[in-house]
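Visitor: One structure is given below, represented as structure tokens, and several questions about it will come after.
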Amino acid sequence: MKAIKVHEFGPPEAMRLEEVPDPQPGPGQVVVKVHAVGVNPVDTYIRAGLYPVKLTMPYTPGLDAAGVVESIGSGVSRCKVGDRVYTAGTVSGAYAEKALCEESQVHMLPEQVSFSQGAGVNVPYAAAYRALYHRAGAKAGEVVLVHGASGGVGIASVQLARAAGMTVIATAGTERGKLLVLEQGAHYVLDHHALGYLDQALALTDGHGVDVLLEMLANVNLGKDLRVLANGGRVVVIGSRGTVEIDPRDAMGRDASILGMSLFNASKREMASIHAALGAGLANGTLRPVVSRELTLAEAPAAHHAVLETSSCGKIVLIP
């Protein structure tokens, strides 16, 4: 089979499409014939050597894929050959024609959800769910601001919060992004390139402030975020590309909390609860991954450049 291989940390061009042996399932393992691969920013950080995960070189990137179960090892009971599934992590890497997974890493993909959409489930939706519920403890009736809502995690956050009865204020930086966010359920959308746009967020809450703020670019926004929080408000940092200076008094005066979130820190029990919820949302149509671009597996370097562009909307997927 063909798979992307990384032999040393470096730029996107460090990824090469190579011929490798087909994976074989061991006890409790599943081989998925991959129909689509989800590209996430975290994939780029790992490839560049900027993420604290230990990898044995060469490795195949990727956590997220969707496809059909091709073979199973002994003891597997949650799925069978021929099942449509999406992956939540892999053993062998997702950027490939086939992926080896532990049984716990595969989840059923409803018929009405395409493989490309299925490849956009795990990291974006699990991160959004964990940020909203496991970290922020968000509740129906609260006001949630999603900062940078037109990307994969942002869209997932908007859909999850709206479905749970929260008032959703979202930000985006392009007309296309703003329209997309409204289509996904945001009550209000603000242009985060406009001067004073966070003042508009305060006005929309009659000066109360937002209860939960999901932050995708903390190095740019965190210092300003604290000023629009309600008393007891929570900022969850989902993404950051550098350092930032804040005034602690902006948090002190509001009894505010700044919470970090990494999906890699989730326990097995947390992940099981997350995917139970995501599976239900996919089945009933509440959750609808948005795919913006489909590229070939050989175009993985181009996908890694594109996924970090601030103008990107929705998910980028690779088609083996």
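Visitor: If I model a spin label at residue 24 and residue 112 as a point 7 Å from the Cα along the Cα→Cβ vector, what separation in nanometres do I get?
Guide: Spacing of the two 7 Å Cα→Cβ label points: 4.2 nm.
Visitor: Plugging the Kirkwood radius over Cα pairs into Stokes-Einstein for region 124-264, at a temperature of 10 °C and a viscosity of 1.306 mPa s, what D comes out in µm²/s?
Guide: Stokes-Einstein gives a translational diffusion coefficient of 110 µm²/s.
Visitor: Run the numbers for residue 257 and residue 97: contour at 0.36 nm per residue of separation, minus the present Cα-Cα distance, in nm.
Guide: Gain on extension, residue 257 to residue 97, equals 53.3 nm.
Visitor: Turning to a different aspect of this structure: Say a paramagnetic label sat at a point 7 Å from the Cα of residue 176, along Cα to Cβ; which residues of region 278-301 have their backbone N under 11 Å from it?
Guide: Once the point is set 7 Å along Cα→Cβ of residue 176, 292-293 turn out to lie under 11 Å by backbone N, inside region 278-301.
Visitor: For residue 33 and residue 283, what does the FRET efficiency come to when R0 = 30 Å and r is the distance between their Cβ atoms, rounded to the nearest 0.05?
Guide: Approximately 0.85, to the nearest 0.05.
Visitor: Distance in nm between label sites at residue 193 and residue 163, each 7 Å beyond Cα in the beta-carbon direction?
Guide: 3.1
Visitor: Order by neighbour count: 269, 227, 135, fewest other Cβ atoms within 10 Å first, most last.
Guide: 269, 227, 135
Visitor: Obtain the nm distance between the two label points defined at residue 50 and residue 200 by a simple spin-label model: each point lies 7 Å from its Cα along the Cα-to-C-beta direction.
Guide: 2.9
Visitor: Full-extension gain between residue 298 and residue 80, please, as 0.36 nm times their residue separation minus the C-alpha to C-alpha distance.
Guide: Stretched fully, the residue 298-residue 80 segment lengthens by 75.5 nm.
Visitor: What's log10 of I(q)/I(0) for the chain at q = 0.08, 0.11 Å⁻¹, Debye sum over Cα points only, no solvent?
Guide: Treating every Cα as an identical point scatterer, log10 I(q)/I(0) equals -0.36, -0.67.
Visitor: Antiparallel as a % of all DSSP beta bridges within the chain, to the nearest 5?
Guide: Approximately 50 percent, going by the DSSP bridge assignments.
Read-outs: derived from the displayed coordinates by stated rules, not from any lab. Worth saying up front: this structure is predicted, and the values here are computed from it rather than measured. Positions of Cβ are backbone-derived with ideal geometry, glycine not excepted, and every protein chain shown enters the neighbour counts.
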